[in-house]
Amino acid sequence: MLTKLFVNTRLALESFAKDKRGVTAIEYAIIGVAISAIVLAVFQGQGDDGGLQGALEGAIDTITTNITTANDTAGD
């Protein structure tokens with residue numbers, strides 16, 4: 001009886017060890033969190049810089065100002 005219990009336990013552990021789906025799901029979750037953190041860091045930035053969002057807003061403001069100035073100068 002003890003031998004049969006040992007064999008059944010051993011077979012159950014072998015089948016559990018072969019199933020890697022849980023490990024893969026955890027790996028994908030970790031990768032997803034890492035990518036989310038990187039995207040958040042790029043778009044939010046810290047300090048006065050403002051990250052990518054701040055840089056894009058600054059560039060658009062500069063372009064808008066230059067276009068407005070060019071239109072005002074051309075109309076005179």
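The values are calculated or read from the model by the stated rules, or taken from the named source; none is laboratory data. Keep in mind it's a predicted model, so treat the numbers as computed, not measured. Using ideal geometry, Cβ is built from the backbone for each residue, glycine included, and neighbour counts are taken over all protein chains shown.
Some points to look at:
- Number of positions in region 1-55 that are modelled with pLDDT of 75 or more and among the small types (G, A, S): 9
- Applying a threshold of 8 Å to beta carbon distances and a minimum spacing of six or more residues, or different chains, the list of pairs starting in region 58-70 at a residue that is within 24 Å of F43 (Cβ to Cβ) and ending at one that is at pLDDT 90 or above and of a type outside the set (S, T, N, Q) is empty.
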